[in-house]
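Written below as structure tokens is the structure these notes are about.
No value in this document is a laboratory result; all are computed from the given coordinates. These figures come from a predicted structure and were not determined experimentally. Cβ: placed from backbone, ideal geometry, glycine included. Neighbour counts: every protein chain shown.
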Amino acid sequence: MPKFKQSYLKPTEFNPKGHWMVDIVWPVKGSKDNVYDVTLHDRGFTCDCPGFSFRGRCKHSQQILRQVEGVMR
């Protein structure tokens, strides 16, 4: 059983359900040279960094969300 319930960072500019970018993985370099994967799912973005698992958001997922929504405008 997972320690935390799966959280998703939900976009505000588009509906991710059925979007063509679902299942795309963006590698993002962390502050300590770790590489984390940010993935778009039908319910929103997730990141595999430790912070996302208990906060439901992180700077990596927010960075990708800003970039994707910026392109869609």
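Computed quantities for the displayed model
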{"read-out": "In region 38-54, the residues that are of a type outside the set (Gly, Ala, Ser) and either in a helix (DSSP H, G or I) or under 25 Å from Arg73 (Cβ atoms) (or both)", "value": "Val38, Thr39, Leu40, His41, Asp42, Arg43, Phe45, Thr46, Cys47, Pro50, Phe52, Phe54"}
{"read-out": "Residue that is under 14 Å from the mean Cα position of the chain (by Cα) and in a helix (DSSP H, G or I), where the choices are Arg66, Arg57", "value": "Arg66"}
{"read-out": "Filter result (under 19 Å from Met72 (Cβ atoms) and in contact (Cβ under 8 Å) with a residue 24 or more places away in the chain) within region 1-27", "value": "Tyr8, Leu9, Lys10, Pro11, Thr12, Glu13, Phe14, Pro16, Lys17, Gly18, Met21, Trp26"}
